[in-house]
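The values are calculated or read from the model by the stated rules, or taken from the named source; none is laboratory data. A quick note: this is a predicted structure, and the numbers were derived from the prediction, not measured. Because the Cβ atoms are built from the backbone with ideal geometry, glycine has one as well, and the counts that use them run over all protein chains shown. Just the protein is used for accessible areas: all its heavy atoms, side chains included, with ligands, DNA and RNA removed. Shrake-Rupley method; radii C 1.70, N 1.55, O 1.52, S 1.80 Å.
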Amino acid sequence: MFVDCKFPSLDELAAAIGEVTEKVHCPVIGLGEGAGANILARLALSPQKKLHGAILIHCTSTSAGFLESLQDKVCLQLFVHGDGLKFSSALRL
């Protein structure tokens with residue numbers, strides 16, 4: 001079905017966002033969380049300064065491993081279903 005499709009790398013996504021920011025004729029401030037923060041960090045560090053600012057939440061330079069993914073899912077469930085603020089800090093590794 002989608003045999004020939006390949007998901008773009010984080011660098012390719014950053015380059016694509018860079019192309020969009022060139023078309024916008026006003027200051028751009030990026031906001032990214034998780035993988036989005038990683039992509040915005042790559043764009044902010046590029047030689048062409050295309051961002052006026054970046055707000056990066058939960059930014060990592062590597063992909064999340066099993067424990068990080070599990071931790072995020074548990075914290076989200078606790079937060080959504082109550083008492084998340086009390087227990088989420090105890091779950092941080």
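Quick notes
- Region 35-58: number of residues that are farther than 15 Å from residue 20 by Cα and part of a loop (DSSP other than H, G, I, E, B): 3
- Scanning region 78-93 for residues that are open to solvent by 100 Å² or more (accessible area, probe 1.4 Å) and at pLDDT 70 or above yields a total of 2.
- Selection count, region 16-53, where residues are touching a residue at least 24 places away in the same chain (Cβ under 8 Å) and open to solvent by 50 Å² or more (accessible area, probe 1.4 Å): 10
- Any hit, region 57-72, residues being open to solvent by 80 Å² or more (accessible area, probe 1.4 Å), touching a Ser or Thr at 6+ places or on another chain (Cβ under 9 Å) and over 21 Å from residue 15 (Cβ atoms): yes
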